[in-house]
Amino acid sequence: MRSRLGLKGSVRLRSRPVWVEAFYGYLFISPVLIGLVLFILGPLIASAVLSFTNTTMVSATQFIGLANYRSLLQEDDLFWRAMRVSFTYAVVTVPISTALQLILATALNRGLRGVSLFRVLFYLPSITPSVAIALLWVFIYNPQFGLANFLLDMVGLPRQMWLASSKTALPSLMIMSIWGSIGPGMILFLAGLQGISETYYEAAQIDGAGALAKFRYITVPLVSPVTFFSIVLGLIGALQTFDAVYIATNGGPRYATLTMGLFIFQNAFTLLRFGYASAIAWVLAVIIFGLTLIQFRLQSRWVHYGG
Amino acid sequence: MSLEHKLSRRAMLRLSGTAAAASLLAACGPEATPEVVEKIVEKEVTKLVEGEVVTEVVKETVVVEKQVVQEQVTLRYAGWVFGNWQQLIDDLTARFTEQHPNIRIESELGDWTANQQKLFAQVAAGFPPDVGMGWWHQLIAEGRILDCTPFVDRDHAEFNWDNYFPFCYEWARYDQKNATLDPNGGTYIFAMAAYGTVWYYNKKLFDEAGVAYPTDDWTWADLLEMATQLTKDMDGNQPGDANFDPANVDVWGASGLAGYYPALQYARNLGGDVLQPDYSAAAMREDPWVQTFTYINDAVNTYNVHPGGAAGGVTPEGGFMSGKVAMEFNFNWVLAPYLSDITDFEWAMAPQPMLNGKRESIALPDANVIFKDTRYPEEAWTFMKYFMSEEVNRDYISKELPPPFQTVALSDTYLAPLAGHYPEALQRAWEEGRNGMADRAIEHWAGKVGDAIGSLLAGEFGSVEEALDWTAEEIDKVRAQYIVP
């Protein structure tokens with residue numbers, strides 16, 4: 001007896017009904033699906049609904065239409081201030097971080113002695129809890145006994161107030177952020193660099209290209225997919241920055257470090273304006289989505305795949 | 001016959017399951033507790049009246065013992081703790097349960113910020129604790145805190161406001177509708193620790209500089225003059241000397257001025273306050289505040305006797321305890337470490353300085369409330385009463401000086417460890433102190449005042465007036481949002 005597949009004897013493939021296959025498929029992915037619905041889609045939908053209400057979550061809730069959006073876009077100075085702080089933070093930290101990640105990765109990719117140790121050292125900040133890092137930097141920036149002022153003293157420069165001054169607080173946070181983000185990006189760039197064939201460099205060398213030219217015309221274009229990835233994720237992360245700011249300055253002094261993430265948190269959990277906070281979160285989400293879309297549209301001009 | 005033959009494995013499992021279920025039901029079920037109750041009974045009494053035997057019916061109150069069933073209740077208590085408070089509250093709740101076996105307390109304790117945010121999140125989620133310690137005005141205004149006036153009225157015999165410092169009583173009464181303190185409002189907030197402000201001074205530094213100690217009637221001008229005499233840089237130069245270096249100061253004359261509380265005290269001395277009396281606007285642009293900010297800015301940036309100025313002078317590590325600060329404004333919550341850790345110099349307390357012939361002093365309590373959603377208001381009130389009892393206050397007193405809130409704190413027992421440190425200053429702060437943080441959303445604007453002072457001292461505002469304009473605008477935003485809904 002032959003089966004439909006032409007197999008002899010007792011060896012037969014029994015096809016299960018499609019619905020059984022589907023059932024098992026859904027069964028196996030159900031933990032993820034349940035998590036997605038409960039912890040991502042659910043809150044997303046809830047926050048979208050809440051953004052049209054004046055809910056404080058502890059008193060009666062009213063549907064107020066677009067009033068939250070109108071208020072934050074037209075009347076709330078702090079919203080625009082937080083937006084400005086977040087964008088300044090992102091525009092400064094993302095390019096500098098990305099450039100440093102690439103430069104460090106290139107340096108570590110040259111087969112120097114002790115490279116593994118350096119890779120570990122540079123990666124360490126990214127596996128340290130962000131709260132611990134923030135606390136460490138708060139100590140470094142302490143105007144009284146912090147390491148930063150100690151170093152300034154050593155080279156004869158005037159002491160700074162760092163996180164305590166509205167002029168220096170945001171730059172201080174940017175330094176923290178750049179320091180903490182180098183490790184993960186560097187590992188990605190290292191992986192990208194190791195995928196570039198040596199033949200390109202050999203050919204360039206034969207043509208008389210120097211180290212800088214090789215970096216400019218071979219390395220940079222061929223790791224551009226990693227650069228693109230790093231910039232997209234970096235920008236999203238920078239615009240959502242929360243934990244370090246919350247620990248180090250809580251938005252002060254005088255809102256100098258009030259990021260959008262912190263502004264949302266303060267409205268929700270300090271001021272109990274959950275509806276308003278949801279509206280801010282959605283505006284931020286739309287901005288991030290828009291920026292990411294623009295980056296994807298523009299990538300064809302500078303990202304080279306398949307090198 | 002052996003046991004194995006009598007009891008199969010299945011039977012054994014069944015038996016164990018039944019026993020476990022029975023134990024569980026017993027544990028969760030009501031507990032029988034004897035209770036003494038009074039009862040009015042009628043009885044016939046025979047007596048001799050003018051030589052005749054007369055029988056009459058009289059009513060008499062008798063004590064009968066009745067077996068009642070009390071429900072076993074678990075209350076959740078959430079609060080913030082620091083220092084030895086965790087142990088204090090653990091002991092307190094354990095003793096309470098000993099006295100009230102049917103009420104068990106589950107404590108959820110954390111630091112201030114975590115506790116406050118967790119409480120808000122729990123309230124938002126519909127899962128608040130039964131009793132809690134934190135910052136309450138916003139939740140009262142939202143109608144989430146229980147008005148305990150009926151309990152207070154009912155139990156007035158065992159709950160006497162006269163035993164409490166005046167500001168603790170003032171703090172308790174609140175007008176829920178207008179979201180402000182009101183002596184005729186409901187009774188919501190019950191103090192569990194009372195803080196007053198004093199000036200701590202380092203006797204050794206005073207003696208070395210040959211400066212007389214502060215007295216009861218010293219003034220804010222005296223403070224500035226003393227601080228000028230006490231401040232010196234690393235080379236021994238003093239403010240006013242040609243070579244004085246404000247960026248490298250060895251001994252600061254004063255510290256602790258650059259914040260909301262000392263500023264409010266100074267402004268109140270001049271008749272000022274944060275808001276207009278009718279809450280219609282911020283009062284920060286008015287003259288008392290101009291004078292206040294000017295005084296603080298002068299102390300820091302003109303006289304250079306206080307850290308935090310544009311010149312970059314900073315408070316030494318350890319502050320007053322470092323022995324490099326001659327006078328420090330602070331609350332009595334620092335008393336415990338000062339008493340135990342300062343060993344290399346003598347120190348004492350002085351009351352707040354006077355201005356225009358009067359003295360203003362800020363005081364504030366930590367406080368508990370009962371949440372409206374509690375399923376056990378009666379038990380929660382029982383716990384609250386215990387928390388506020390003299391027994392607990394005496395316990396505070398016996399344990400490394402946490403700040404009690406009853407006048408029993410003025411007893412010799414409490415003040416004895418402070419002998420030599422002029423405890424009368426603290427006594428005055430408790431008795432005379434006025435609430436420094438009482439209105440809804442004050443926690444939001446107090447930070448703005450502190451922010452403005454910090455930036456003013458760092459030279460980030462062009463003038464005192466500019467700093468006050470900024471502060472008034474910020475406070476008006478908060479006021480518009482919370483005080484005038």
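Bear in mind these aren't lab numbers, they're just calculated from the coordinates by the rules spelled out. Everything quoted here is computed from the prediction, not taken from an experiment. When we count neighbours, we look across all protein chains shown, and the Cβ atoms used for this are built from the backbone with ideal geometry, even at glycine.
Past the 31 Å Cα-Cα mark, which pairs from B:K324/B:K477; A:K167/B:K232; B:K177/B:K448; B:K177/B:K477; B:K385/B:K477? Write down the numbers at each step before the final one.
Numbers: B:K324/B:K477 40 Å; A:K167/B:K232 29 Å; B:K177/B:K448 25 Å; B:K177/B:K477 20 Å; B:K385/B:K477 38 Å.
Violating the 31 Å limit, Cα to Cα: B:K324/B:K477; B:K385/B:K477.
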The residues A:L78, B:L339, sorted from fewest to most surrounding Cβ atoms within 10 Å, come out as B:L339, A:L78
Here the gain from full extension of B:D250 to B:A212, 0.36 nm per residue of separation minus their alpha-carbon distance, amounts to 11.6 nm
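Tell me the relative contact order for region A:175-307 as a rounded percent, counting alpha carbon contacts under 8 Å between residues six or more apart.
On the way: 80 pairs, mean separation 32.9, N = 133.
Relative contact order of region A:175-307: 25 percent.
Take B:C168, B:C148 and order them by how many other Cβ atoms sit within 10 Å, fewest up front.
On the way: B:C168 27, B:C148 24.
Ordered by Cβ neighbours within 10 Å, fewest first: B:C148, B:C168.
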For B:N243 and A:I45, extending 7 Å from Cα along the Cα-Cβ vector and measuring point to point gives, in nm, a value of 7.7
For region A:265-273, in residue order, the Karplus 3J(HN,Hα) values (coefficients 6.51, -1.76, 1.60; θ = phi - 60°; whole Hz; Gly and Pro = x) are 4, 5, 5, 6, 9, 9, 9, 6, 9
Using alpha carbon centers only, region A:242-307 is separated from region B:64-135 by a whole-angstrom value of 38
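For every helix of n ≥ 4 consecutive DSSP H residues, a contribution of -39,500 (n - 2.57) applies; sum these over chain A, divide by its total residues, and give [θ] at 222 nm rounded to the nearest 500 deg cm²/dmol.
Values: 14 runs with 192 residues, N = 307.
Computed mean residue ellipticity for chain A: -20000 deg cm²/dmol.
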Long-range amide H partners of B:E108, meaning residues 5 or more apart or on another chain whose placed amide H is closer than 5 Å, are B:Y77, B:A78, B:G79
Residue by residue through region A:274-285, the couplings from Karplus 6.51 cos²θ - 1.76 cosθ + 1.60 with θ = phi - 60°, in Hz, x for Gly and Pro, are 5, x, 5, 4, 5, 4, 4, 4, 6, 4, 4, 4
Computed for the protein assembly as shown: size of charge dipole around the Cα centre, +1 on C-beta of each Lys and Arg, -1 on C-beta of each Asp and Glu, debye to nearest 20, value 6080
For peptide A:56-64, the mean count of other chain Cβ atoms within 10 Å per residue Cβ is 4
Sorted by chain and then number, the residues having a modelled amide H within less than 5 Å of the amide H of B:Y195, at least 5 places away or on another chain, are B:L364, B:D366
Proxy exposure order for B:K118, B:K203 (fewest C-beta within 10 Å first) is B:K203, B:K118
For B:K358, the aspartates and glutamates lying under 12 Å Cα to Cα, once residues fewer than eight places off in the same chain are dropped, come out as B:D216, B:D217, B:E432
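Quick one: dipole size for region B:165-258, taken about the Cα centre, charges +1 on Lys/Arg Cβ and -1 on Asp/Glu Cβ, in debye to the nearest 20.
Values: 5 positive and 14 negative charges, 112 e Å.
Here region B:165-258 has a charge dipole of around 540 debye.
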Among region B:331-365, those whose backbone N falls under 18 Å of a label point 7 Å along Cα→Cβ from B:D412 are none
Pseudo-spin-label distance A:V131 to B:E391, built 7 Å along Cα→Cβ, given in nm, is 3.6
Ranking A:S130, A:L163, B:W252 by how far each Cα lies towards the positive end of the charge dipole of the protein assembly as shown (+1 on Lys and Arg Cβ, -1 on Asp and Glu Cβ), the top one is A:S130
Between the residues B:I296, B:T413, A:Y255, the Cα farthest towards the positive end of the dipole of the protein assembly as shown, that dipole coming from +1 and -1 charges on the beta-carbon of Lys, Arg, Asp and Glu, is from A:Y255
Note, region B:291-308: 3J(HN,Hα) by Karplus (6.51, -1.76, 1.60, θ = phi - 60°), whole Hz, Gly/Pro = x, goes 5, 5, 4, 5, 4, 5, 5, 5, 4, 8, 9, 9, 7, 6, 10, 9, x, x
Amide H neighbours of B:T231 at under 5 Å, excluding residues fewer than 5 places away on the same chain, with H built from the backbone geometry, are B:G253
Dividing the mean separation of Cα pairs under 8 Å (6+ apart) by the residue count of region B:79-164 yields a relative contact order in percent of 29
